[in-house]
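The structure under discussion appears below in the form of structure tokens.
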Amino acid sequence: MLAVELRVFEVFGLLMNLYETWFCGTRLWRWVTRRQLLPWVLQGSELGEHLLELGAGPGAATEELGRLTARVTSLEYDHAFAAKLGARVNGSNATVIQGDAAALPFADGTFSSAIAILMLHHLRSNELQDRAFAEIWRVLRPSGAFLAFEIQDGWLHRVAHIRSTFVPVAPAPALPRLTAAGFSNVTVDMKRGGFRIRAMR
């Protein structure tokens with residue numbers, strides 16, 4: 001009986017994961033990202049002329065970010081997502097590159113700002129997250145802002161990521177972790193459904 005219950009739980013998790021992947025590519029999520037999420041995450045921050053978008057996924061934020069800054073470089077780990085998004089934004093001021101946030105393929109001081117929307121928890125360990133923080137600091141210019149939005153730990157999020165990576169970033173330790181990577185003026189603000197991080201190079 002226990003084996004059957006575990007199988008049902010696994011199938012439910014798989015369905016939740018498929019739903020998450022599908023939902024993140026919908027017009028509704030793009031609308032929520034453009035009208036609600038990005039205004040809150042970007043509030044009080046300057047993007048400058050060259051933004052690094054980390055973990056672009058299906059590109060819910062990419063085109064809107066392209067309207068807010070002169071140039072966007074979107075990094076995506078998954079080949080299929082990167083190829084599809086690249087084809088969609090081809091000819092715009094956005095460039096899509098497949099790559100790893102923990103080993104960024106960019107020179108020091110390339111970007112005026114960086115943003116990660118629901119990406120950090122997809123890195124497979126706290127160590128890789130810390131490596132990504134250090135890499136983001138490295139590729140930012142002095143006074144460049146790093147902005148992020150993350151979800152908190154919880155059973156529903158864990159179930160939704162059963163067939164996917166879910167290493168939640170706890171809000172309280174985010175400040176010392178980013179400070180250790182070199183960032184200053186780190187702030188963490190809570191909101192129903194998640195929290196935003198702002199840190200300065």
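Summary table below
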item	result
First in the range 20-35 and farther than 18 Å from LEU68 by Cβ and among the charged types (D, E, K, R), second anywhere and modelled with pLDDT under 60 and crowded, with 16+ Cβ neighbours inside 10 Å, Cβ under 6 Å, 6 or more apart	GLU20/ALA160
The range 166-192 residues that are closer than 11 Å to GLU150 by Cβ, paired with ones that are among the hydroxyl-bearing types (Ser, Thr, Tyr) and surrounded by fewer than 16 Cβ atoms within 10 Å (Cβ to Cβ) (beta carbon under 7 Å, 6 or more apart)	VAL167/SER125
Pairs where the first residue, in the range 95-113, is at pLDDT 95 or above and the second is aromatic (Phe, Trp, Tyr) and part of a loop (DSSP other than H, G, I, E, B), C-beta under 8 Å, 6+ apart	GLN98/TYR77; GLY99/TYR77; ASP100/TYR77; ALA101/TYR77
Residue check for ALA82: surrounded by 12 or more Cβ atoms within 10 Å (Cβ to Cβ) and assigned to a loop (DSSP other than H, G, I, E, B)	no
Hits in the range 63-76 - residues which are surrounded by 23 or more Cβ atoms within 10 Å (Cβ to Cβ) and not in a strand (DSSP E or B)	LEU65
Residue within the range 7-14 that is modelled with pLDDT under 55 and exposed (fewer than 11 other Cβ atoms within 10 Å of the Cβ) present	yes
Subset of the range 173-193 (residues that are small (Gly, Ala, Ser) and in a strand (DSSP E or B))	SER184
Selection status of GLY59, in a loop (DSSP other than H, G, I, E, B), in contact with a strand residue (DSSP E or B) (Cβ under 9 Å, 6 or more places away or on another chain) and modelled with pLDDT under 95	yes
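The values are calculated or read from the model by the stated rules, or taken from the named source; none is laboratory data. None of these values were measured; they are calculated from a predicted model. Here Cβ is always computed from backbone atoms with ideal geometry, including for glycine, and neighbour counts include all displayed protein chains.
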